[in-house]
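Notes follow once the structure below has been shown.
The values are calculated or read from the model by the stated rules, or taken from the named source; none is laboratory data. These numbers come from a predicted model, not from an experiment. As a convention, Cβ positions derive from the backbone with ideal geometry for all residues, glycine included, and neighbour counts pool all protein chains shown.
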């Protein structure tokens with residue numbers, strides 16, 4: 001079975017260059033390890049399903065957003081792999097090309113320029 005961190009890397013590597021958000025479903029193989037996995041996955045705000053074939057939904061955001069960073073998710077998955085907690089992913093949704101909306105009223109022009117430069121707007 002493929003380690004979770006490697007599986008996650010393959011999913012992220014398959015995404016287009018400008019991806020912004022990724023939603024994954026995760027199911028673990030050994031149900032007796034559910035609580036152990038839940039404790040570790042709480043670090044990335046994984047949302048548990050109550051009645052589904054999948055155990056958690058993971059929201060991942062690249063750059064900005066209300067989700068976990070890919071590097072943080074990968075770190076948690078490495079810990080799950082070290083604890084021999086196996087599982088599988090299903091890609092629920094992947095989005096690209098969105099821009100962060102930030103209120104710029106009252107901010108100096110230097111802040112606006114830096115924002116446009118960083119976000120390539």
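Given the criteria at pLDDT 95 or above, assigned to a helix (DSSP H, G or I) and closer than 17 Å to residue 93 by Cβ, does residue 78 qualify? The answer is no for residue 78. Conditions first: (1) more than 12 Å from residue 90 (Cβ to Cβ); (2) modelled with pLDDT under 95; (3) out of contact with any helix residue (DSSP H, G or I) (no Cβ under 9 Å at 6 or more places or on another chain); (4) not in a strand (DSSP E or B). Residue 2 passes all but one, so which condition is the exception? Exception for residue 2: condition (3). Can you tell me how many residues in region 10-59 are surrounded by 14 or more Cβ atoms within 10 Å (Cβ to Cβ), touching a residue at least 40 places away in the same chain (Cβ under 8 Å) and more than 15 Å from residue 79 (Cβ to Cβ)? Total satisfying the criteria: 11.
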